[in-house]
Each structure stands twice: as C-alpha cells, then as structure tokens.
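See below for the structure under consideration.
The values are calculated or read from the model by the stated rules, or taken from the named source; none is laboratory data. Everything numeric here is computed off the predicted structure, so don't read it as measured data. Cβ placement follows ideal geometry from the backbone for every residue including glycine, while neighbour counts extend to all protein chains displayed.
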Amino acid sequence: MATWVDEPGWHDKVLAVAQDKQNDVSTAVLHDMRVLVPVDTGALLASLDWGRTDPTTTRVGSRDKDYSVYVEEGHEVVYRD
C-alpha cells in the first residue's frame with residue numbers, strides 16, 4: 001500500500017511553476033494584442049501592458065485608456081479629419 005508523505009514547501013514550488021506559466025501566457029497575449037491593435041495616435045498601443053494583480057492572477061490590457069473596451073468589442077466608426 002502506498003503512503004503519503006507531505007513534502008515541506010510543495011505549495012511554493014507549485015505556485016512558482018504556475019506563475020512561470022502565467023508569465024509566458026501573459027507575454028504571448030500581450031504580443032498578439034500589440035500586433036493586432038489598430039493604431040491612430042499610438043496612445044492605446046503604448047498603454048498595453050500586463051501585470052500581476054495577486055499571486056495567482058495576471059491582467060493583460062490597457063493601463064489607462066478607458067476606450068480600449070470599445071476597440072476590442074467593437075464600436076461605430078466615426079469619421080475624423
């Protein structure tokens with residue numbers, strides 16, 4: 001019969017591997033966003049970034065452009081001079 005041995009520090013090892021994978025995915029998503037974002041003034045492109053919000057969560061997107069959701073989800077095209 002098998003026995004269970006609790007290895008001290010296992011949680012930290014799992015968290016480190018998970019964070020490493022999150023970093024890889026977040027970097028890849030950010031790269032795709034930068035390739036696909038439409039550019040008019042470049043402000044939205046310059047605001048794209050990713051960061052960790054807590055040990056198990058990352059956020060990828062615009063740091064400060066409130067109109068980014070309209071670009072992502074779609075909006076009415078307005079003519080500009």
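Odds and ends about this structure:
- Test set (1) surrounded by fewer than 10 Cβ atoms within 10 Å (Cβ to Cβ); (2) under 14 Å from the mean Cα position of the chain (by Cα) - GLN22 fails condition number: (1)
- In segment 41-48, the count of residues that are among the polar types (S, T, N, Q) and more than 18 Å from the chain's Cα centre (by Cα) is one or more.
- Hey, PRO55 in contact (Cβ under 8 Å) with a residue 40 or more places away in the chain and of a type outside the set (Val, Ile, Thr) or not: yes
- Residue match in segment 53-60 (condition: more than 30 Å from HIS11 (Cα to Cα) and either modelled with pLDDT under 90 or surrounded by 14 or more Cβ atoms within 10 Å (Cβ to Cβ) (or both)): no
- Residue ID - surrounded by the fewest Cβ atoms within 10 Å (Cβ to Cβ), chosen from residues in segment 25-48 that are of a type in the set (A, V, I, L, M, F, W, C) and in contact with a Lys or Arg (Cβ under 7 Å, 6 or more places away or on another chain): ALA43
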